[in-house]
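To keep things clear, I will list the structure first and then write my remarks on it.
The values are calculated or read from the model by the stated rules, or taken from the named source; none is laboratory data. All figures in this text were calculated on a predicted structure; none of them were measured in a lab. Quick reminder, even Gly has a Cβ in these numbers, built from the backbone with ideal geometry, and neighbours come from all protein chains shown. These area figures cover heavy atoms from the full protein model, side chains too; ligands, DNA and RNA do not enter into them. Shrake-Rupley method; radii C 1.70, N 1.55, O 1.52, S 1.80 Å.
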Amino acid sequence: MTQHFDQRTTAAQVMQGIQRPQQVAVVTGGYSGVGLQVTKALIKADMQVIVPARRPAVAQQIMQQLPQVIVLPCDLMVARSINDFADQVLQRFRRIDLFIGCAGIMFAPLRRDAAGNESQFSVNYLGHFRLLKRLYPALRAGHARVVLATSRAQSWNGVDFEDPNFQRRPYDPKVAYAQSKTADILLAVELDRLAQKDGVRAFAVHPGLIPGTNLGRFMQHSARLRKLSAWLLNHGGTTVINGRHRFQAWRHNRSEYDYFKTPAQGAASILWAATSPTLAQHGGVFIEDCHVGQVVTAESTSKYGVRPWAVDQDLARQLWQLGEQLNQFQFKIPSSQTH
């Protein structure tokens, strides 16, 4: 009997009874927030987990009590760092069974990588694109699932192909973040189209709105959200979020509070995308609350669903080409059976 999962499902519930001995996963952002919950869940399933870390000393300290974790330096804004990480992984592992991209930055002030790319686009999209290219031989060998964390920010705007790096238009950190998260969905769409003939399937997952994680470190403009995040964390997190009656004091904006999740709940949809047998023949989709999300209209005001500009196949191809251009390489998957 299939268990019913929803927005309150936790990582432990999704992974109940799942064991993957001798399988290997790469989890970017795997030492904090939702990514850490994903790492812990995969370890309990007896998987070997590789965590690329911009701050390896911090990651090592967090992971020192966790078995089966390898921490290697990797900065997703630095091409050479990504290449070095990939070289080390490929030297040690012939196959990778799971690639989960949780690392990201949100609402960052304007900053650029060495090639001039805006930082959110660089980390959230271009860095993962480069890493997937470098690791693809092992992903193909493992018939891997690729899961990329996205955001409901994809509902705000799509990718500006004329000026993705804000060279001409005024910089807006929220627009830049939404663009990068839309790009992650389009990346999953095109990767799945190209790679499914190799047994590699790709998914984009919105974990949910999760207060108190390091992802929100640039959200200094939102005093109300900071106050709510602190309140949730100080009152037990899961108990508060699951106990709907506890939110009556916040009735003036209840729809927003109902949407919040704990890190363990946020990890659930990512892990469902990574392991669910119902997705075995079904890739290139947007997932939220442990279900395949619906495509809604561009004009929709719903907090749920994916917008057309994030799943359009022509835009996905165009983004792939932009990724190659900005990364200054070609990511060709030989003998692709396109359709």
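A few comments on the model shown:
- Whichever residue in segment 313-323 is of a type outside the set (A, V, I, L, M) and in contact with a Lys or Arg (Cβ under 9 Å, 6 or more places away or on another chain) and, among such residues, is most open to solvent (accessible area, probe 1.4 Å): GLN313
- Which listed residue, of ARG92, ARG20, ARG8, ARG80, is within 30 Å of PHE166 (Cβ to Cβ), surrounded by fewer than 21 Cβ atoms within 10 Å (Cβ to Cβ) and not β-branched (Val, Ile, Thr): ARG80
- The condition of being within 28 Å of VAL296 (Cα to Cα) and in contact (Cβ under 8 Å) with a residue 60 or more places away in the chain holds for PRO173.
- Exactly one residue out of ALA178, ALA230 is open to solvent by less than 50 Å² (accessible area, probe 1.4 Å), farther than 20 Å from GLN7 by Cβ, out of contact with any Leu (no Cβ under 9 Å at 6 or more places or on another chain) and modelled with pLDDT under 50: that is ALA230.
- One residue stands out among those in segment 25-40 that are in contact (Cβ under 8 Å) with a residue 60 or more places away in the chain and open to solvent by less than 10 Å² (accessible area, probe 1.4 Å): the one that is nearest to TYR125 (Cα to Cα), which is THR28.
- Which numbered condition THR213 fails, given (1) modelled with pLDDT of 95 or more; (2) under 23 Å from CYS290 (Cβ atoms): (1)
- Scanning segment 20-44 for residues that are more than 16 Å from the chain's Cα centre (by Cα) and of a type in the set (S, T, N, Q) gives GLN22, GLN23.
- Residue match in segment 57-77 (condition: under 21 Å from ARG201 (Cβ atoms), in a helix (DSSP H, G or I), of a type in the set (Val, Ile, Thr) and at pLDDT 95 or above): no
- When each of SER151, SER119 is tested for being more than 14 Å from ALA204 (Cα to Cα) and among the polar types (S, T, N, Q), the lone residue that passes is SER119.
- Within segment 94-152, being in a loop (DSSP other than H, G, I, E, B) and charged (D, E, K, R) holds for ARG94, ARG95, ASP97, ARG111, ASP113.
- Answer residue from segment 295-312, given it is part of a helix (DSSP H, G or I) and either of a type outside the set (Phe, Trp, Tyr) or modelled with pLDDT under 95 (or both) and is most open to solvent (accessible area, probe 1.4 Å) among those: PRO308
- Inter-residue pairs, beta-carbon under 8 Å, first among the polar types (S, T, N, Q) and in segment 293-308, second part of a strand (DSSP E or B) and modelled with pLDDT of 95 or more, 6+ apart: GLN294/VAL306
- Within segment 107-125, the set of residues being aliphatic (A, V, I, L, M) and buried (at least 22 other Cβ atoms within 10 Å of the Cβ) comprises VAL123 only.
- Condition met for THR262 (touching a helix residue (DSSP H, G or I) at 6+ places or on another chain (Cβ under 6 Å), more than 30 Å from ASP312 (Cα to Cα) and modelled with pLDDT under 95): yes
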